[in-house]
Amino acid sequence: MSSKKPLIVFEGIEGSGKTTLINFVSNYLKKNKISFIKIREPGGNPNSELIRKLILNKKNKFNSFTDLMLYFASRSENIENIIKKNYKKKIIILDRFTDSTIAYQHYGMGLNINLIKSINKLLLREIKPSKVFLNIISMKILKKRLKMRKKKNRYDNFKINFYNKVQKGFIKISKDKKNYIIINSNDNLEQNKKIILNQMLKLIK
């Protein structure tokens, strides 16, 4: 039986509409006075936010392995300081989680998938997402959205081919998992909001 205090993850590449849908869900929960915690990765608690600044700063040029270790350091801080204490006690909404690391660092950057999976396993132990919403987007729309971004971080400046590899990686990951729901961001936004709200209500009521 699923917990009435689920851990819900939103995944997807840059420009895939994740933030819009997370804000929609957050506003719904606030309006209905349902308590929840919202965390972004990298980031979340003060220590993780410091690591986020390091990772996303355009001036920094870390090698891909250093990047991976920084992501794990940020996640470790969140799990120890926020997630463990609130898992199954409060609704937790995560803007990216473990599968982002596999999609970006393995499928996008070619790092060893077994290494990534084993560190994720070590950090998570019994923690499992109840539902993962994977937002997918066409590369044509992605190009437009990234061009329109006023504030760009290091991860907004990759070549389109990189995002394409990462998105294909996410789709591969989703094929093995029953708790995944694919949200096509090329479709009508209001329709997507309805799909997510419907799924959310099943989880929390």
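Okay, here's what the table says:
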{"item": "GNM top mover of 100, 16, 138 - the chain, alpha-carbon springs below 10 Å", "result": "138"}
{"item": "Gain upon complete extension [residue 19, residue 143; 0.36 nm per residue less C-alpha separation]", "result": "42.9 nm"}
{"item": "Mean projected area (nm²) of the alpha-carbon convex hull when the stretch 1-140 is viewed from all directions", "result": "9.4"}
{"item": "Theoretical FRET efficiency, 1/(1+(r/R0)^6), r = Cβ-Cβ of residue 27 and residue 156, R0 30 Å, to 0.05", "result": "0.75"}
{"item": "Along principal axes, Cα extents of the stretch 64-205, largest first, whole Å", "result": "40, 40, 31"}
{"item": "Paramagnetic label zone (point 7 Å from Cα along Cα-to-C-beta, residue 89; backbone N under 14 Å) in the stretch 18-61", "result": "36-37"}
{"item": "Per-residue [θ]222 nm for the chain (sum of -39500 (n - 2.57) over DSSP H runs n ≥ 4, rounded to 500)", "result": "-15000 deg cm²/dmol"}
{"item": "Within a Gaussian network of the chain (alpha carbon springs, distance under 10 Å), most fluctuating of 13, 92, 173", "result": "173"}
{"item": "Among 67, 99, 187: highest mean-square fluctuation, GNM of the chain, C-alpha pairs under 10 Å", "result": "187"}
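Computed from the coordinates by the stated procedures, all read-outs in this text should not be read as laboratory data. This one's a predicted model, so the numbers in the text were calculated from it and none came from an experiment. FYI the Cβ positions are ideal-geometry reconstructions off the backbone, even for glycines, and counts take in every protein chain you see.
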